[in-house]
Amino acid sequence: MNLVIDIGNTFTKIAVFKQNELFYNVQFKVVDFEVIDKLLDEHQIGNAIISSVKKKEEGGWQDLLAQKVRLTYFGPQMAKGICNHYLTPQTLGLDRLAAVLGANYLYPGKNNLVIGGGTCITYDQVDADGNYFGGSISPGLNMRYNALNNYTDGLPLIKADAGFEAAYGTDTANAIRSGVQNGIKYELNGFIKSYVTDDKELNIILSGGDSIFFDTLLKNSIFAPYIKIEPYLVLKGLNAAIHNNND
């Protein structure tokens, strides 16, 4: 079995794969020795891979993992099948690279637009031949709500509401929801439209923790029938990296 660890900005996502099957997944704010010990006790792990968007090492549990299993750290050299044309590849987030790798692995021979809904919203396209040129990054759902509260004196911190569908808010709370959620909806539709203009058969993939929420925002969109939901796409891309580099 493969142990996949994706250290993100907010959470560390951990998954266990049996070949290509996602067998188990969990997420933590903080990973420690106890977490790793428990995973190794409960699952027969042969390979492990770590990807991190953070610059600082966490906790020292990686050394324990390296003693027990075959451990690799995900990097650009492991994204086999992807021809990376990004002008500053050293600054490309490994989560974005793993996502396009996962899209290319799951949907080979397709032009894939990956929309990642996490701390940030990311838009990345990989074409049918595995070429990746770049993408876009904007503030994520919770970041937008938090920013309105943090950078003003009078606006409260509001929670997202998937059931909110009004064009505008009739009180402050719903005015914020309208601005944030409708803003994201219009943004999603705008980006998708710009990519679809160049490719009518584009494969649209929603990934990340807010993928289900984004799918709700797009349910009445003309693009809805062409959308695929892969909330664990980054983890699947990292698992693909293990397979590709062990072949």
For this session: Would you please put 120-128, 135-143 in order of how densely packed they are, using the mean number of other Cβ atoms within 10 angstrom per residue and starting with the highest?
Result: 120-128, 135-143
Exercise. If the chain were replaced by its equivalent ellipsoid, with semi-axes equal to the square roots of 5 times the Cα gyration tensor eigenvalues, what would those be, largest first, whole Å?
Worked result: 32, 23, 15
Seminar exercise, completed: Non-local residues with an amide H under 5 Å from the amide H of Y232, with H modelled 1.01 Å from N and Pro and chain starts lacking one, are G208
Exercise. For region 18-73, with every protein chain kept in place, what is the accessible area per residue (1.4 Å probe, Å²)?
Worked result: 69
For this session: Could you please state how large a percent of the accessible area of region 1-142 is carbon and sulfur, counting protein chains only and using a 1.4 Å probe?
Result: 51
Exercise. Once both axes come from the Cα atoms, what is the angle between helix 94-106 and the longest principal axis of the chain, in degrees from 0 to 90, rounded to 10?
Worked result: 80
Problem set entry | Surface per residue (accessible, 1.4 Å probe) for region 171-241, Å² | 45
Seminar exercise, completed: Over all directions, region 61-132 yields a Cα convex hull whose mean projected area in nm² is 5.9
Seminar exercise, completed: Given 96-104, 36-44, the highest-first ranking by average Cβ count within 10 Å works out to 96-104, 36-44
Problem set entry | Relative contact order [Cα under 8 Å, 6+ residues apart], region 1-109, whole percent | 24
For this session: Tell me which residues come under 5 Å, amide H to amide H, from I121 once H is placed; ignore anything under 5 positions away on its chain.
Result: S138, G140
Exercise. Per the helix-only calculation at 222 nm, which mean residue ellipticity applies to the chain, given -39500 (n - 2.57) for every DSSP H run of n ≥ 4 and division by its residues, nearest 500 deg cm²/dmol?
Worked result: -10000 deg cm²/dmol
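The values are calculated or read from the model by the stated rules, or taken from the named source; none is laboratory data. Treat the numbers as computed from the prediction; the structure is a model and nothing was measured. Please note: Cβ atoms are built from the backbone with ideal geometry, for glycine as well, and neighbour counts cover all protein chains shown. These accessible areas exclude ligands, DNA and RNA; they are computed on the full protein's heavy atoms, side chains included. Shrake-Rupley method; radii C 1.70, N 1.55, O 1.52, S 1.80 Å.
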